[in-house]
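The structure under discussion appears below in the form of structure tokens.
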Amino acid sequence: MSLVGRTLVTAAVAGLVLAACGGGNIDGSTVTSRQAGQGITVGEPNGGVPVVSEYIQMAQEASCASTRNKLYVVDSKYVLWDRAGNCADNAYGQVLMGPTPQAVLCSAGQTIAGPRTSCTDATLRPLFDTMLENLDKADLGLGAGHQVEPVDFLPKSGSPIAYQTIVSERFSKIATPREVVIKDAAAWTALWAEHAGSEVALPKVDFSRQMVIGVFRGAQPDGCRTTAISAVDFRDGKLNVLYVDTVPGPGMVCSMAVVHPAALVIVNRSEAPVHFIREVRTLQ
């Protein structure tokens, strides 16, 4: 899922609404929040009272978080940071924090000596262990007795966006060119039926956290034609998707089959407008 080295240069309409949630007390401090945009601090500082923007800044500046970078406010008292990246000896880590990012209560991650988990307060260990075992769940496995609220934030400008390819093929049933952004299960079910029919099982997507981006190139006249999404990038407030179409060069021998190239990827859900950038590569 690495996108390092890819630069996207086409501009798009900008905009992303950030939501951060909080409220409640811990040692006389309150994590407060409001809707935020670029240049707006989330929460009002009041002496030692933490603000969510401090955690966002920490996450944005992390060097090993290209694959996963998520923040959650838990019970209006704690902030959980879950991140993963392509660092040999620091590929993943989770940190449970109190009133400030410096107030580390528990941590888990990969170290040179192997995986390690620790808590400064032993009474928090069961809570932290439950979160670690349920990072794929919206409530972190904590159930109705706890409040878990994700903190949405802008990636740092220039950051590659991790994605998971679920389709890269030449024989879609969709015969007309199309670029798609899918954000709900009903639309996804309908698109998949149109693309694959009933022969292939519908891939699972958690639309509370994810969305699907895709390109369909329609009917193409020979077997040398393909398409693939090669990069997703966030830059200057814009989400850009680069896809690459291949075409045969002079003298290239191709099958005469009519193909319908298609590519679909899963990315973290975003309210930013998606801009598609097409690159054509000639096969020699």
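The values are calculated or read from the model by the stated rules, or taken from the named source; none is laboratory data. A quick note: this is a predicted structure, and the numbers were derived from the prediction, not measured. Note that each Cβ is placed from the backbone with ideal geometry, even for glycine, and that neighbours are counted across all protein chains shown.
For segment 193-216, state whether one or more residues are within 15 Å of the chain's Cα centre (by Cα), of a type in the set (A, V, I, L, M, F, W, C), farther than 19 Å from residue 260 by Cα and outside the structural domain of residue 266 (by TED's automatic domain parsing). Scanning segment 193-216 turns up no residue that is within 15 Å of the chain's Cα centre (by Cα), of a type in the set (A, V, I, L, M, F, W, C), farther than 19 Å from residue 260 by Cα and outside the structural domain of residue 266 (by TED's automatic domain parsing). Within the set 105, 96, 132, 124, the sole residue that is surrounded by fewer than 18 Cβ atoms within 10 Å (Cβ to Cβ), in the same structural domain as residue 58 (by TED's automatic domain parsing), in contact (Cβ under 8 Å) with a residue 12 or more places away in the chain and in contact with a Cys (Cβ under 7 Å, 6 or more places away or on another chain) turns out to be 124. Pairs linking a residue in segment 200-229 that is among the hydroxyl-bearing types (Ser, Thr, Tyr) to a residue that is at pLDDT 95 or above and in a strand (DSSP E or B), with Cβ atoms under 6 Å and 6 or more positions apart or on different chains, are 226/246; 227/215; 227/217; 227/243; 227/245; 227/263. Evaluation of residue 186 against the conditions (1) at pLDDT below 95; (2) in the same structural domain as residue 217 (by TED's automatic domain parsing); (3) more than 19 Å from residue 229 (Cβ to Cβ) shows that the sole unmet condition is (1). What strands (runs of 3 or more DSSP E), lying completely within segment 78-192, carry at least 3 residues that are more than 30 Å from residue 258 (Cβ to Cβ) and among the small types (Gly, Ala, Ser)? By residue number, 104-111. The strands (runs of 3 or more DSSP E) located wholly in segment 210-272 include none with 1 or more residues which are in contact with a helix residue (DSSP H, G or I) (Cβ under 7 Å, 6 or more places away or on another chain) and surrounded by fewer than 17 Cβ atoms within 10 Å (Cβ to Cβ).
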